[in-house]
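Trainee: Below is one structure. I have some questions about it.
The values are calculated or read from the model by the stated rules, or taken from the named source; none is laboratory data. It should be emphasised that the depicted structure is a prediction, and the values quoted were computed from it without experimental measurement. Cβ placement follows ideal geometry from the backbone for every residue including glycine, while neighbour counts extend to all protein chains displayed. Note: areas computed on protein heavy atoms with side chains; ligands, DNA, RNA excluded. Shrake-Rupley method; radii C 1.70, N 1.55, O 1.52, S 1.80 Å.
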Amino acid sequence: MQVALQKLFAIMPFLFGIGFIAPVIAQVMTVWGWDAPFGMERIVFGLVIGASWGLYATIRGRWI
């Protein structure tokens, strides 16, 4: 159980990026009336940003 939790927490920044940051970006874009670039849906754009940022945080070990 401990090993499973350690593996889960190791990828937690990535999961946070796609599970929280992506929908927040999409909702903020909707509220402010912004369209996503390149004809993407807002949630897809949010997933690209959130997944990229989460992957960066997972690899580097910090968000900034």
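Trainee: Just need the relative contact order of the chain here, percent rounded to a whole number, with Cα pairs under 8 Å and 6+ apart. Mind showing how you got there, number by number?
Mentor: Values: 66 pairs, mean separation 26.2, N = 64.
Relative CO of the chain lands at 41 percent.
Trainee: Restricting to DSSP loop positions (anything but H, G, I, E, B) with no more than 11 other Cβ atoms inside 10 Å of their own Cβ, which trypsin sites (Lys or Arg not before Pro) remain in the stretch 31-64?
Mentor: For trypsin sites (Lys or Arg not before Pro) across the stretch 31-64 that sit outside H, G, I, E and B with at most 11 neighbouring Cβ atoms in 10 Å, the list reads Arg62.
Trainee: Hey, another quick one. Cα-based Rg (one decimal) and Dmax (whole number) for the chain, in Å?
Mentor: Over the chain's Cα set, Rg and Dmax evaluate to 13.7, 45 Å.
Trainee: Gln27 to Gln2: FRET efficiency via 1/(1 + (r/R0)^6), r the Cβ-Cβ distance, R0 22 Å, to the nearest 0.05? The partial results should precede the final answer.
Mentor: Details: r = 36 Å, r/R0 = 1.64.
Working from the Cβ atoms, E equals 0.05.
Trainee: Let me ask something else. How much accessible area per residue does the chain have, counting only protein heavy atoms and a probe of 1.4 Å, in square angstrom?
Mentor: Result: 75 Å² of accessible area for each residue.
Trainee: Right, next: Mind checking the stretch 4-46 for chymotrypsin sites (Phe, Trp or Tyr not before Pro) that DSSP puts in a loop (not H, G, I, E or B) and that have at most 16 other Cβ atoms within 10 Å? If you can, show how the numbers build up before the last one.
Mentor: On the way: sites: Phe9, Phe14, Phe16, Phe20, Trp32, Trp34, Phe38, Phe45; in loops: Trp34.
When the chymotrypsin sites (Phe, Trp or Tyr not before Pro) of the stretch 4-46 are filtered for loop state and at most 16 Cβ neighbours within 10 Å, Trp34 remain.
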